[in-house]
Amino acid sequence: MTRTFLFLQGPLSFFFYRMGRRLKELGYGVYRVQLCGGDIAFWPSGDTLLWRGENWQWPSWISAVLTQKSVTDLVLLGDWRPLHQEAVLLARARAVRIWVFEEGYLRPGFVTLEEGGVNARTSLPRDPAGIRLRAEEVGSLPSCTPSKAPNPMKGRVLDTAWHHVGNFFLWPLFVHYHTHRPYCIGRELVGLLPRYFSRHMRRRESIAIFRDLMHKNAPYYFMPLQLDSDSQIRIHSPFTGVLDAISYVIVNFSVNAPKNSYLLIKNHPLDNGLIKYRRYIHSIATAAGCLERVRFVESVKNSSIIDNCQALVLCNSTLGLTALTRGRAVFCLGASIYAMPGLAVSAEEMPLDAFWRNPRPPEPDLVNDFVTVLCHDALVPGNFYSRDGIEEAIAASLTRMGVA
């Protein structure tokens with residue numbers, strides 16, 4: 001049977017466009033739904049369908065597209081975006097195969113590609129026995145290795161700017177479009193520009209803070225922050241945003257952690273600066289009576305922090321998996337693919353109150369089995385942004401999809 005691929009929104013790059021062209025060259029049907037001007041900027045030609053309606057009209061429209069184009073495969077980045085969620089539900093009801101991309105569960109060098117769903121909607125085994133069984137099944141198969149392709153931040157910034165240029169000039173075509181992000185780009189620039197010009201100063205301050213903590217030779221716990229707009233926070237955690245998670249962890253740390261220990265909180269490198277985390281952390285730590293034991297940094301290397309910390313406390317950041325591979329104990333506050341006995345600790349296994357004084361390290365054999373399963377079932381080498389990384393990821397993705 002001839003397969004027909006329908007692409008929805010993807011990374012802010014030409015990744016989906018190049019994948020679509022490759023599928024077309026192989027003789028498959030390819031269509032792309034354009035939701036905004038930024039989509040057109042990254043998919044300038046080919047069989048495209050413009051969606052210009054209001055959100056309440058979307059289900060009937062995308063349902064008709066799935067039927068009229070005889071779609072067999074739906075391809076998208078993130079299954080949590082509002083329009084994506086309805087498309088996934090309708091596609092699943094028609095037995096359409098659903099291919100979901102995300103940034104890599106394990107980074108750098110990988111992107112995530114799963115059939116059916118990602119993160120909390122993954123089809124990966126959710127218990128140690130299932131992980132071990134699946135690892136045994138795929139253990140004799142060739143394992144993928146991380147890509148060596150460069151992935152410079154400068155390229156990502158330029159691609160993001162190109163997306164917003166497309167949105168600006170083609171806005172009259174998509175007057176009803178609303179981004180899935182909490183803020184429009186104009187609002188985000190209010191925070192991003194000051195952060196850009198203060199980056200060197202913030203880096204120097206962060207290094208000084210971390211060095212001082214190292215000189216104290218005191219135990220510390222590490223809390224890496226995620227983006228407040230991240231679906232992992234807003235959908236797959238018990239918190240309404242990052243501030244809720246910060247307040248919960250700081251107050252719990254103040255009451256239950258050893259009194260000689262510190263809590264080191266690090267900002268996300270792509271934070272837009274609209275939330276004043278430093279001020280909030282100072283306020284809540286003061287109110288909780290532990291200000292002298294809480295530190296906030298922005299630019300220290302994650303590997304240096306992880307290798308010297310007692311344990312990590314986080315929602316569901318990809319850094320949790322990185323820490324597990326380095327043998328560090330992790331407490332996961334939200335839903336995560338690695339929150340299970342033998343890997344990261346969750347509230348079902350142990351309350352955070354007790355974790356501070358008794359952090360359980362991961363089981364090395366289970367960590368190895370988990371990474372083996374990820375590499376075979378959920379990860380492909382490459383990236384979304386550099387030319388070499390895109391080509392590598394496309395080749396591996398088409399193999400995963402059974403078309404190459």
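The values are calculated or read from the model by the stated rules, or taken from the named source; none is laboratory data. Source: prediction; values computed, not measured. All Cβ positions, even for glycine, are placed from backbone atoms using ideal geometry, and neighbour counts span all protein chains on display.
Per-structure values
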quantity: Number of the condition not met by D212 [criteria: (1) part of a helix (DSSP H, G or I); (2) without any contact (Cβ under 8 Å) to a residue 12 or more places away in the chain; (3) not assigned by TED's automatic domain parsing to the domain that holds L366]; calculated: (3)
quantity: Check on V249, over 30 Å from V157 (Cα atoms), under 26 Å from the mean Cα position of the chain (by Cα) and either at pLDDT 95 or above or of a type in the set (D, E) (or both); calculated: yes
quantity: Those residues of the range 183-223 which are hydroxyl-bearing (S, T, Y) and in contact with a helix residue (DSSP H, G or I) (Cβ under 9 Å, 6 or more places away or on another chain), in sequence order; calculated: Y183, Y220, Y221
quantity: Where Y385 falls short, out of the listed (1) over 24 Å from P142 (Cβ atoms); (2) not assigned by TED's automatic domain parsing to the domain that holds Y17; calculated: (2)
quantity: Test: residue in the range 198-209 that is under 29 Å from L12 (Cβ atoms), in contact with a strand residue (DSSP E or B) (Cβ under 6 Å, 6 or more places away or on another chain) and of a type in the set (S, T, N, Q); calculated: yes
quantity: Residue, surrounded by the most Cβ atoms within 10 Å (Cβ to Cβ), within the range 246-263, restricted to residues that are more than 23 Å from S304 (Cβ to Cβ) and in contact (Cβ under 8 Å) with a residue 40 or more places away in the chain; calculated: N252
quantity: Members of the range 300-351 found to be touching a Gly at 6+ places or on another chain (Cβ under 7 Å) and closer than 23 Å to V255 by Cβ, listed by number; calculated: L312, L314, C315, V330, C332, A344
quantity: The range 138-156 - residue that is over 18 Å from V111 (Cβ atoms), of a type outside the set (K, R) and exposed (fewer than 12 other Cβ atoms within 10 Å of the Cβ) and, of those, modelled with the lowest pLDDT; calculated: P142
quantity: Matching residues, the range 82-125, being within 13 Å of the chain's Cα centre (by Cα) and charged (D, E, K, R); calculated: E102, E103, R107
quantity: Strands (runs of 3 or more DSSP E) wholly inside the range 223-340 containing at least 2 residues that are within 19 Å of V367 (Cβ to Cβ); calculated: 311-314, 329-332
quantity: Subset of the range 266-325 (residues that are modelled with pLDDT of 95 or more, of a type in the set (K, R) and under 23 Å from N217 (Cα atoms)); calculated: K266, R293, R295
quantity: Filter result for K266 (in contact (Cβ under 8 Å) with a residue 40 or more places away in the chain, more than 26 Å from G10 (Cβ to Cβ), surrounded by fewer than 18 Cβ atoms within 10 Å (Cβ to Cβ) and not acidic (D, E)); calculated: no
quantity: Any pair with Cβ under 6 angstrom, 6 or more apart, that starts in the range 72-90 at a residue that is within 12 Å of E102 (Cα to Cα) and modelled with pLDDT under 95 and ends at one that is among the hydroxyl-bearing types (S, T, Y) and part of a helix (DSSP H, G or I); calculated: W80/S231
quantity: Members of the range 107-121 found to be on the phi < 0 side of the Ramachandran plot and surrounded by 21 or more Cβ atoms within 10 Å (Cβ to Cβ), listed by number; calculated: F110, V111, T112, L113, E114, V118
quantity: Subset of the range 41-86 [in contact with a Leu (Cβ under 6 Å, 6 or more places away or on another chain), within 29 Å of N383 (Cβ to Cβ) and either outside any loop (DSSP other than H, G, I, E, B) or outside the structural domain of A120 (by TED's automatic domain parsing) (or both)]; calculated: L74, L76, H84
quantity: Residue match in the range 145-152 (condition: outside any strand (DSSP E or B), within 19 Å of the chain's Cα centre (by Cα) and either free of Cβ contacts under 8 Å to residues at least 60 places away in the same chain or over 27 Å from Y385 (Cβ atoms) (or both)); calculated: no
quantity: Scope the range 359-385; condition touching a strand residue (DSSP E or B) at 6+ places or on another chain (Cβ under 9 Å) and over 24 Å from L398 (Cα atoms); matching residues; calculated: P359, R360, P361, P362
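Residue by residue, here is whether (1) without any contact (Cβ under 8 Å) to a residue 60 or more places away in the chain; (2) among the basic types (K, R); (3) buried (at least 18 other Cβ atoms within 10 Å of the Cβ) holds:
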| position | (1), (2), (3) |
| --- | --- |
| S336 | no, no, yes |
| S346 | yes, no, yes |
| W356 | no, no, yes |
| D365 | yes, no, no |
| L374 | no, no, yes |
| P381 | no, no, yes |
| F384 | no, no, yes |
